[in-house]
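Below is one structure, written out as structure tokens; comments come after it.
FYI, it's all coordinate maths here, none of it is from the lab. Please read these numbers as outputs of a predicted model, since none were measured by experiment. Here the Cβ positions follow ideal geometry from the backbone for every residue, glycine too, while neighbour counts run over all protein chains shown.
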Amino acid sequence: MIVLDRAAPCQEPLWASQPVVTLGSTIKFVAEVVSSNWQNDYARKLEDYALLGIPEYWIADYQGLGGEFFVGRPKQPTLTVCLLNAEGRYDRQLLRGDEPIPSSIFPSLNLTAQAVLGVEGYCSP
């Protein structure tokens, strides 16, 4: 899922003819649901989105598929909130259960990791 800056699509060269975004500055927020190819979400996309200057990136790993470095040991459902810092890198925060989600894009957001991940009593396989 992506959230665009409301005014930015007017600056996008292809927007008038097709819903294609080419400028990183148009995108304010990205959320990804981790798949079996979790390396892309935790490494490649994290790097790409930082280079594009996307201020906030969430990685929703509701099955705990990521490597232990990303979801802990034992593996468990984890929401990783990545906020772009002044150096152009993401500061990452791993959230689980009833931990509240910090958001620079949605400052009045009142959600927990569990609400986003949709897991209760999850046991890893």
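The figures follow:
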| item | result |
| --- | --- |
| Given charges at beta-carbon only (K, R positive; D, E negative), |dipole| of the range 34-95 in Debye | 180 |
| Extended-chain gain in nm, criterion 0.36 nm per residue less alpha-carbon gap, VAL3 and GLU68 | 20.5 nm |
| Sequence ranges 1-8, 111-118, ranked by mean other-Cβ count within 10 angstrom, highest first | 111-118, 1-8 |
| Relative contact order %, the chain, counting alpha carbon pairs below 8 Å whose residues are six or more apart | 19 |
| Expected 222 nm ellipticity per residue - DSSP helices of 4 or more, -39500 (n - 2.57), all of the chain, to 500 | -3000 deg cm²/dmol |
| Under Karplus coefficients 6.51, -1.76 and 1.60, residue-wise ³J(HN,Hα) of the range 72-87 in Hz, glycine/proline x | x, 10, x, 4, 8, x, 9, 9, 9, 9, 10, 10, 5, 9, 5, 7 |
| Shape of the range 11-72, Cα gyration tensor, a/c cut at 1.5 | prolate |
| For Kirkwood radius over Cα pairs in Å, calculated from these coordinates, the label among [x] 16.6; [y] 23.3; [z] 15.3 | [z] |
| Under Karplus coefficients 6.51, -1.76 and 1.60, residue-wise ³J(HN,Hα) of the range 108-113 in Hz, glycine/proline x | 9, 4, 10, 10, 10, 4 |
| DSSP beta bridge pairing in the chain, given as percent antiparallel to the nearest 5 | 75 |
| Nonlocal amide H pairs with LEU4, under 5 Å, H built at 1.01 Å | LYS28 |
| TYR90 long-range amide H proximity, modeled H, under 5 Å | ASN85 |
| Antiparallel DSSP beta bridges within the range 1-61, as percent of all bridges there, nearest 5 | 40 |
